[in-house]
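The values are calculated or read from the model by the stated rules, or taken from the named source; none is laboratory data. Given the structure is predicted, the values throughout are model-derived calculations rather than measurements. All Cβ positions, glycine included, derive from the backbone under ideal geometry; neighbour counts span all protein chains shown.
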Amino acid sequence: MAKIIVYKKNPCPYCDRAMNLLNGRDLKYEVIDLTDKMDEFQALKQKWGWQTVPMIFINEKLVGGYTDLKALDESGELDQLLKG
């Protein structure tokens, strides 16, 4: 099973949508809340070059945010990533 990590902050409707999509697919994932951890959020932004939340990782690879996750799901590529 693929390891999925979702970095989020509150409030964040796109974070909620990403988690709803994963829940709808009955996928297990870890949530890391960055709401009160601005230093950690800044470090992640610098390391990965991604400026917003959610930051979604599958098997330690950044796949993007909610729109990217949704596009992967709709194209069938998400299933391939989850197998790998």
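So the values come out like this:
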read-out: Test set (1) in contact with a Leu (Cβ under 6 Å, 6 or more places away or on another chain); (2) surrounded by fewer than 17 Cβ atoms within 10 Å (Cβ to Cβ) - M38 fails condition number; value: (1)
read-out: Members of the stretch 1-16 that are assigned to a helix (DSSP H, G or I) and touching a residue at least 40 places away in the same chain (Cβ under 8 Å); value: Y14, C15
read-out: Qualifying residues in the stretch 17-36 (those that are of a type in the set (A, V, I, L, M, F, W, C) and assigned to a helix (DSSP H, G or I)) - the one nearest to L62 (Cα to Cα); value: A18
read-out: Of all residues making up the stretch 46-66, the number that are outside any loop (DSSP other than H, G, I, E, B), free of Cβ contacts under 8 Å to residues at least 40 places away in the same chain and either hydroxyl-bearing (S, T, Y) or crowded, with 17+ Cβ neighbours inside 10 Å (or both); value: 3
read-out: Qualifying residue in the stretch 77-84 (condition: within 19 Å of P11 (Cα to Cα), of a type outside the set (A, V, I, L, M) and modelled with pLDDT of 95 or more); value: no
read-out: Hits in the stretch 67-84 - residues which are touching a residue at least 40 places away in the same chain (Cβ under 8 Å), over 18 Å from R17 (Cβ atoms) and assigned to a helix (DSSP H, G or I); value: L81, L82, K83
read-out: Residue in the stretch 61-68 that is among the polar types (S, T, N, Q) and under 15 Å from the mean Cα position of the chain (by Cα) present; value: yes
